[in-house]
Amino acid sequence: MTRVAYAAPSNSGRSAITSEQGIAEVNGTRLVYEAAGAGPPVVLLHGFTLDRRMWDEQMPAFAERHRVVRYDLRGFGASAPFVPDEPYTHADDLRALMTHLGIGRAAVVGLSMGGWAALEFALTYPESVSALVLVDSALRGYPWSPSGAATIDAIYRLGREGRLDEAKAGWLADPLFACSGRTPAATARLAQIIADYPCGHLLQDDPHFPLEPPARERLHEVAAPTLVVLGAEDVPDMHAIADVLTTGIPGARRAVLPHAGHMANMDAPEAFNRAVLDFLASSDSSRA
C-alpha cells in the first residue's frame, strides 16, 4: 500500500490529508482503490470509459468529514479487465471491496454508469447502503432517444472494427461531455482519462450479469435516503432519467447544478461538493 498527501482546503484549518492507495484481490478480480479521511464511509463510483481520477475534486473535500473511497471498477482504469464468459456484477465487486476494507455500510455516490451500478448495489445489498447519490445517472432498461442511442452504437461499432482512437475521439466529442462550466484543467484530465481507457467493452461483450427484474421496475424498493443530482446542461435523456428516478424512488430529493453538464462533479465541483455533503449531513444516514 502506498500513501499520497492531499492538500486540505485552505479555509479548513486542517493539515494535509493522507490518501492510502491499494489493490484488493476480491471476488475473482483485482480492484485498485484509494481511501482517505475518517468518519462515516462514502464510496465513489465513476462513469463509463472513466476511472477514479474523475473524483479528484471530491477526495480532499469529502475526506474532511468522511472516510472516502474511490476505485476503478472492473474493466476500467488500473483494475483488472473483465474475463469474457465469466459473469460478474459491479454490486458483488463493491460488496467484496467494502468487506476487504472493513466497511459494513456506506453512502454510495455514482455518476452515469456509476449511477446505475450504485442503484443496483442498493437494490442487491440494501443493508450495506446508508445513503444513495445518483449523479447524472444512467438507468439500465431506459429507452434512449434515437440520437443518444446512435452515439453509443457508433463508438461500439468503431471499437469492434479496431478503430479505437476514433471511437474515443467520437465519445469525447459527444454532447455528454460538452459543458460551459468546466475548467481547462478538468477538460484536460477528462481527455486523458478517456485516452487511457483500456477499451475492453468496445472490443468484446461485457459479461456483467443483468439485474432481474431490472432496476427501473424496482425503484420503489430503494430504502436508502436518495439524492438525484443533475447538471442543468446535461443532455435531454439524462434529464428524463432524473425525472424517473426522482419520482420512482420513495422520498428522493433532487439537486440541479447550474453551469454543469453531464460531468457535474468536474464542471461545478464546489456546488457539487456542497450539495452532496449537505445531503449526507442532513439525512444523518451515512453513519456506518
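Key figures
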quantity	calculated
Of all residues in region 102-128 being in contact with a strand residue (DSSP E or B) (Cβ under 9 Å, 6 or more places away or on another chain) and either of a type in the set (Val, Ile, Thr) or in a strand (DSSP E or B) (or both), the one that is surrounded by the fewest Cβ atoms within 10 Å (Cβ to Cβ)	Ile103
Evaluation of Val32 against (1) in a loop (DSSP other than H, G, I, E, B); (2) within 23 Å of Met266 (Cβ to Cβ) (one fails), failing number	(1)
Residue that is farthest from the chain's Cα centre (by Cα), among those in region 124-165 that are farther than 20 Å from Ser283 by Cα and acidic (Asp, Glu)	Glu161
Candidates Phe82, Phe177 - the one that is aromatic (Phe, Trp, Tyr), within 27 Å of Met266 (Cβ to Cβ), surrounded by 15 or more Cβ atoms within 10 Å (Cβ to Cβ) and touching a strand residue (DSSP E or B) at 6+ places or on another chain (Cβ under 7 Å)	Phe82
Cross-chain or 6+ apart pairs with Cβ under 8 Å, region 117-136 first and touching a residue at least 24 places away in the same chain (Cβ under 8 Å) and at positive phi, then buried (at least 24 other Cβ atoms within 10 Å of the Cβ) and acidic (Asp, Glu)	Asp136/Asp234
Residue selected from region 48-98 under the condition of a type in the set (Val, Ile, Thr) and part of a loop (DSSP other than H, G, I, E, B), by the criterion nearest to Val135 (Cα to Cα)	Thr49
Residue count, region 45-79 (criterion: among the aromatic types (Phe, Trp, Tyr) and either farther than 17 Å from Gln21 by Cβ or surrounded by fewer than 22 Cβ atoms within 10 Å (Cβ to Cβ) (or both))	1
Qualifying residue in region 217-232 (condition: among the polar types (S, T, N, Q), buried (at least 19 other Cβ atoms within 10 Å of the Cβ) and closer than 22 Å to Leu277 by Cβ)	yes
When residues of region 134-169 are limited to those that are assigned to a loop (DSSP other than H, G, I, E, B), touching an Asp or Glu at 6+ places or on another chain (Cβ under 7 Å) and at pLDDT below 95, the one nearest to His208 (Cα to Cα)	Trp144
Long-range neighbours under 8 Å by Cβ, at least six apart or interchain, first residue farther than 13 Å from Leu45 by Cα within region 74-85, second among the basic types (Lys, Arg) and in a loop (DSSP other than H, G, I, E, B)	Ala80/Arg74; Pro81/Arg74; Phe82/Arg74
Per-region count, region 11-37, residues surrounded by fewer than 19 Cβ atoms within 10 Å (Cβ to Cβ) and modelled with pLDDT under 85	7
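Matching residues to (1) at positive phi; (2) of a type in the set (Val, Ile, Thr):
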| site | (1), (2) |
| --- | --- |
| Asp237 | no, no |
| Gly248 | no, no |
| Ala255 | no, no |
| His259 | yes, no |
| Pro269 | no, no |
| Asn273 | no, no |
| Val276 | no, yes |
| Leu280 | no, no |
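The values are calculated or read from the model by the stated rules, or taken from the named source; none is laboratory data. Values in this document were obtained by computation on a predicted structure and should not be read as measured data. Every residue, glycine as well, gets a Cβ built from its backbone with ideal geometry; the counts of neighbours run over all protein chains shown.
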